[in-house]
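Take a look at the structure set out below.
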Amino acid sequence: MTHTLDEIGPVIANGAGPGASSLVDRRDDTFATALANDLPVEPDPVEARFWSFYSLFLLVWWPLALLMRIKPLLATRRVDARHRVFWRTTLYRAIRRAVSMGDGASGTWFLGVTSIYIGVLFAVHPGDWWLALAIAGGVLGGIFTIAAAGYTALRVQTPARFAETLLDGRSMPEAIRVTAFLVRELCLASLANLRALHDRLQRELPEFEDVDSRNTAKVEALLDGIAEKRAMLDVALSAYTRSLLLQTIQVERVQALKRALASRLGLPRRRVCDHLLQFSPALFASRMRKYAENWQTLAHAASRRYANLDRPLRRRIEGLLRQNERIHAKLETRVAAQDELLDETNTPLLAPICRIAAMHSSSGSILRYAWLVAAVAGAARNVMKNDAASRRATFERAIATLRFLRRKHRAYPGIELHDSLLRICDRAIGAPDRDDDDVRRRKWEVARLALAGSDEHEPQETVGCLSELGLLVEGYVAKCRGEIVARVVDVMRAGHDERPFGLVVTTGYSKTVRQAIRESIGVVRDSEVGGERETRVFVLTSDDPREEEEIDTRQMVFELAEPHAGRPVPLAVGTGPSHVLASLLRPGEHVLFLIGAECWSDTLGLRVVHPRIGHGSLDSVVREVRARASGCRVVALAENYKHREDLLAEATVFRHHLDRLVVHEVDAIVTEDEVLATRRLLLAVLAEPSARDRVTALVREFTAWRGIALDVAGGDEDDDSLRDLVARHDVFLQVIVEPRPRGRRRMDWLARGQGVAIGMGKRHARIDLREDHDDWRVALGAALAKLIAVP
Amino acid sequence: MAGDACEVLERAIRANRAQVAALTAGAAILALVGVGIDLWAMLRGSLLAGLGGAALVGVALVPLRMAQRTRRETDKLAVFSAALRAGLDPQRALEVARAFAGPGTESTRR
């Protein structure tokens, strides 16, 4: 509580009062106080030290700091002026260099802090208007300097730190937008450099303006022009190359941002580049360099007469001109791609797209994609309903947003969802109309056409049908999943060779597999096994302990283990790498591998695309299990819309998703309509080695064409293991080439094979071939066709 | 009467001086902590910490202004006390003290 004159003065002047009496409680030596009162008041010692410290600080540091920054600035300007580099770049480099001279990135903080101290100094003793103005200027200058220093400090950080600082604390869409913004800035700067070079060439070389790379005369005229003005081209290219060098740090920053963004989103860097940003810093840098190199090659070629050049070289020169045109055009499309990401309309879609990209269930992703399409269409429908005037414009914007969604959803690690959605529409339209619901069929048809890019229908109807796509697909996927699960239950009941599966192994994450295991395991345990032996569930993980992408497995284990409707007792689920699985196998146990599939094909055997396990393959694990267990089946669960005519011909699937997917051969694929099973043929040839090789090659050719798995046995009837082999195969073919080897006994064990495959009976056949037979191919082909024709 | 009044005034002046010292010390500590944070931010390269340090230095202004105001009041009280001891009429002494704005300011320079 401060004692003021206004409080005490009147009390004393008018006589003692309560205000005074409260102060006369304590008495001490008043002489020292009186003496101090009579002397002129000096600043408090602590305060004096405070100010002297800052006075020294300001007087010494401020001019020093200023000098430190101005000197290199001037020096850099002189050096760079010779090279005609942009002032902005020079200033930036000068500040960067100056700051680097200090203690590091944030050296310029001193400027800001000092300005505040100046403000403090003036603020303590406010006086005339000019002083107040100076104080205001000091404080404003301080704030500005702090902002500038912060910006500079950010710019001078290492690329990785720059990326971390920039993305820290930002939401997923914001992180994408910030990265897109910097990519756009980089592209725009490069575009400006390209245009500067382009404009200069057009100014100096009139032939360049209307050059046509396919017109030889024009190319020749251009090269003549270049030969005349070679010096100008060299200077222009030198300036361009220098600008490229100055951009290196920006490229590094974008690269660091890409890495930071990928790690935040939990996606591989490649997918972030290819599908989300649609920009690769490494490719960009190489294209920009290539542009300059092409011009340098043209300049070298111009030193000789065009007509005297070899024909391949002339073609090459024309090709280089075309390539430069493409680089220029491509850069503009990169800017457009970033503009789309920065567009406010598309911002709400960024987070769902990232979630799709991080999903591992294909049917779940398709559903989410369909709901996103429905959300976009629903928003457009509402606007169109309320605002008739802007109906067409709204529709076009909605279509543009859907195109954006279609481009970006490819960040999903599996097959292309849009394509799958079209297939779902096709199947839904072509399916027998059980409900006799024409309205629903119409909706599917309109949505199908709209997704395919057709504008056949009215905008209102299109957005109306698309807005219901989420619900339609949800129903369709649920129906398919239910039917698949029902079939899997049958498969589990049938078991392998009429014996139930003791161990069900799965890998990766699939909602259909999860549901199938939950329901089928219950059936087997309750009704078939009768509590004697419980079917165990094992989720296979990667053998590589460094593998980080274990989220699929963890999610699968967690969801399998949690109780759900109709099954209050949770399943006993084990998890681990392949060696743990091998140690779990009981003698004589039958193992079922149940996997989900991104897509499948039955053209050349049953093949599915499935997420890979770490860096290894499921095939090697299956081989290992087959060697140990008495029976093993690999069954994939996949809806029919995932069917591809020829999986191996669709290179784009592997181009986009090689980082995560791998092709497996499976024994059976369970779809909502049927169970497709691979037949395994066991071939035993009793013949001389040369004849045996010939027969094996012919049969292998046939089975490869028909998509049948082939195993070749030794054919020695004394070998007891052959009986087991026969039991594990669907078809057994014995080929005997005359003259018969000596000591051969009748193979009466053929009839003892008891194996029963999924949906297929076991069949045996025996062919006798003579050595001098004219055409073994025809004989074997006919026998095999007859043998295999019956499913 | 005058002796009692002077004693009252001296007591108030001493209390004010103690307050000025405390406030100034507080301001100095705040400002020093702010500068320390700024230095740390500079070495660390942290934008947020740098802003926080600068803000703390700004906050140090508040106790400093309070200390200054108290000191001025103390000066006035001292003048009032001196005028009373010089034998001035209390009302006149009050006017003189009120007219006194403190050393180093425009009014005293004039």
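The values are calculated or read from the model by the stated rules, or taken from the named source; none is laboratory data. Keep in mind it's a predicted model, so treat the numbers as computed, not measured. Quick reminder, even Gly has a Cβ in these numbers, built from the backbone with ideal geometry, and neighbours come from all protein chains shown. We work out accessible area using only protein heavy atoms, side chains counted, and drop any ligands, DNA or RNA first. Shrake-Rupley method; radii C 1.70, N 1.55, O 1.52, S 1.80 Å.
Just a few scattered comments:
- Across peptide B:58-65, the mean count of Cβ atoms from other chains lying within 10 Å of each residue's own Cβ comes to 3.
- In this label model, A:ASP212 and A:ALA572 are separated by 8.0 nm, measuring between points 7 Å along each Cα→Cβ vector.
- Sorting A:ARG397, A:ARG170 by solvent-accessible area of protein heavy atoms yields A:ARG397, A:ARG170, largest first, with a 1.4 Å probe.
- Taking every residue in B:86-99 and counting other chain Cβ atoms within 10 Å of its Cβ, the average works out to 2.
- Label separation (B:GLN91 vs A:VAL778): 14.6 nm, computed from points 7 Å beyond Cα along the C-beta direction.
- Rounded accessible area of A:PHE284 (nearest 10 Å², 1.4 Å probe): 10
- Heavy atoms of A:LEU585 accessible to a 1.4 Å probe, total area in Å² rounded to 10: 30
- Modelled this way, with points 7 Å down the Cα-to-C-beta line, the labels at A:LEU584 and A:GLU445 are 5.0 nm from one another.
- Accessible surface, 1.4 Å probe, highest first, among residues A:LYS385, B:LYS76: A:LYS385, B:LYS76
- Dipole of the stretch A:449-504, positive direction: furthest Cα of A:VAL489, A:ALA452, A:LEU466, with charges on the beta-carbon: A:VAL489
- Toward the positive end of the charge dipole of the stretch B:22-94, with +1 on the Cβ of Lys and Arg and -1 on the Cβ of Asp and Glu, the farthest Cα among B:GLN68, B:PHE80, B:GLY26 is that of B:PHE80.
- Linear extension gain, A:ASP437 paired with A:ASP711, 0.36 nm per residue minus alpha-carbon span: 93.6 nm
- Legend: calculated FRET efficiency, A:ARG322 to B:LEU32, from the Cβ-Cβ distance at R0 = 51 Å, rounded to 0.05, equals 0.15.
- Solvent-accessible area, 1.4 Å probe, carbon plus sulfur percent, for the stretch A:231-281: 52
- A Förster radius of 45 Å, combined with the Cβ-Cβ distance separating A:LYS290 from A:GLU456, puts the computed FRET efficiency at roughly 0.55.
- A:TRP371 accessible area, 1.4 Å probe, all protein chains in place, Å² to nearest 10: 110
- Taking the stretch A:663-695 and a reference point 7 angstrom along Cα→Cβ of A:ASP490, the backbone N atoms nearer than 18 Å belong to A:667-679.
- Placing unit charges on the Cβ atoms of the charged side chains and taking the dipole of the stretch A:288-439 about its Cα centre, the candidate lying farthest along the positive direction among A:THR345, A:ALA380, A:ALA411 is A:ALA411.
- Partner shielding of B:23-29 amounts to 4, given as the average count of beta-carbon atoms from other chains within 10 Å of each residue beta-carbon.
- Chains A and B together bury roughly 4800 Å² of accessible surface, counting both sides and using a 1.4 Å probe on protein heavy atoms.
- Rounded to the nearest 20 debye, dipole of the stretch A:276-435 from Cβ charges on Lys, Arg, Asp, Glu: 660
- For the stretch A:265-314, a simple Cβ point-charge model (Lys and Arg +1, Asp and Glu -1, everything else neutral) yields a dipole of about 80 debye relative to the Cα centre.
- Computed from the Cβ-Cβ distance with R0 of 51 Å, the FRET efficiency linking A:ARG628 to A:THR158 stands at 0.45.
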